[in-house]
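Accompanying notes for the structure given below.
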Amino acid sequence: MNLSQAARDKQAAIVATAARAAPIARRQLRFPMPIVRILLVLLALASPLSMAGGAVAGPFEDAQAAHVRSDYATALRLWRPLADQGNAEAQYALGFMYDSGQGVPKNYAGAAKWWRLAADQGHTFAQYNLGTLYENGEGVPKNKAEALKWYHLAAERGNDGAQFNVGALHFAGVAVSENRIEAAKWFRRAADQGHIGAQVYLGLCYATGLGVPQDNIQAYMWLSLAAARSDQDAISNRNRVAQQMTPAQIAEAQKLAVEWKSKPER
């Protein structure tokens, strides 16, 4: 989803007519992307430089500094012994370098190898990234069920991208039975952390009554949060929802959006 700055002032010009609007027909709402495409347009892989909060001091930090200045050969030389010794952060970092072709030829199989070692130790970003490899069949055989397994592990530990992907798979019935209630639950966990895609999908769930009770105020609120970050699908869908609301309902939804605060799980 393209993110660019956009104004919120369209909300003030909205005029609704019904005292309590009927649920919006699904065909009137534009879902952001075909669900299969959503699953392929995954979050950018997390950088080992910013996510290694529990890293050991010394060589690991030296490797981070080398990576920052694009000295990939030094970073690789310092991280590899740590990874061979079982350091999950170093294993994750090596996976990132193989995935990105930094200091080594781009090699998804190599990325999968190191991310699996880190993922087996509970490293959530490695679990998430390994799931993306299985999702796309990069370096490993394409396997949606295996992707879901790794997403689920990361999602349970609070990774919002993984939570969104678990929700999307349940929503579409890919690698698991279609379950809109379960999908909405995962969208909610990711949306509560500020994940834009999850906020859009949760808003659409409320607008259409898929997996949650139909509620235009909640729909407008969640879509407004994503719209405030210039998501065009959120803006257009929020405006469609507004056509089914009274001015008082819109004001209530806007108040909820202003009062909303992100609730990180980790």
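FYI, it's all coordinate maths here, none of it is from the lab. Since the model is a prediction, treat every value here as computed from it, not as a measurement. With ideal geometry, Cβ positions are generated from the backbone for all residues, glycine too; neighbour counts draw on all protein chains shown.
Of note:
- Length gained on full extension, ALA251 to ALA109, computed as 0.36 nm times the residue gap minus the Cα-Cα distance: 45.9 nm.
- In this simple spin-label approximation, SER236 and GLU178 carry label points 7 Å from Cα along the Cα→Cβ vector, and these lie 2.3 nm apart.
- Remark: the GLN121-GLN214 segment gains 29.4 nm on full extension, using 0.36 nm per residue and subtracting the alpha carbon distance.
- Unit charges on C-beta of K, R, D, E only; dipole of region 45-153, Debye: 240 debye
- Here the Karplus relation 6.51 cos²θ - 1.76 cosθ + 1.60, evaluated at θ = phi - 60°, turns the backbone of region 181-197 into coupling constants of 5, 5, 4, 5, 4, 6, 4, 5, 4, 6, 4, 4, 8, x, 6, 4, x Hz, with x for every Gly and Pro.
- Distant alpha-carbon pairs in region 125-266 (separation over 18 angstrom), percent: 56 percent
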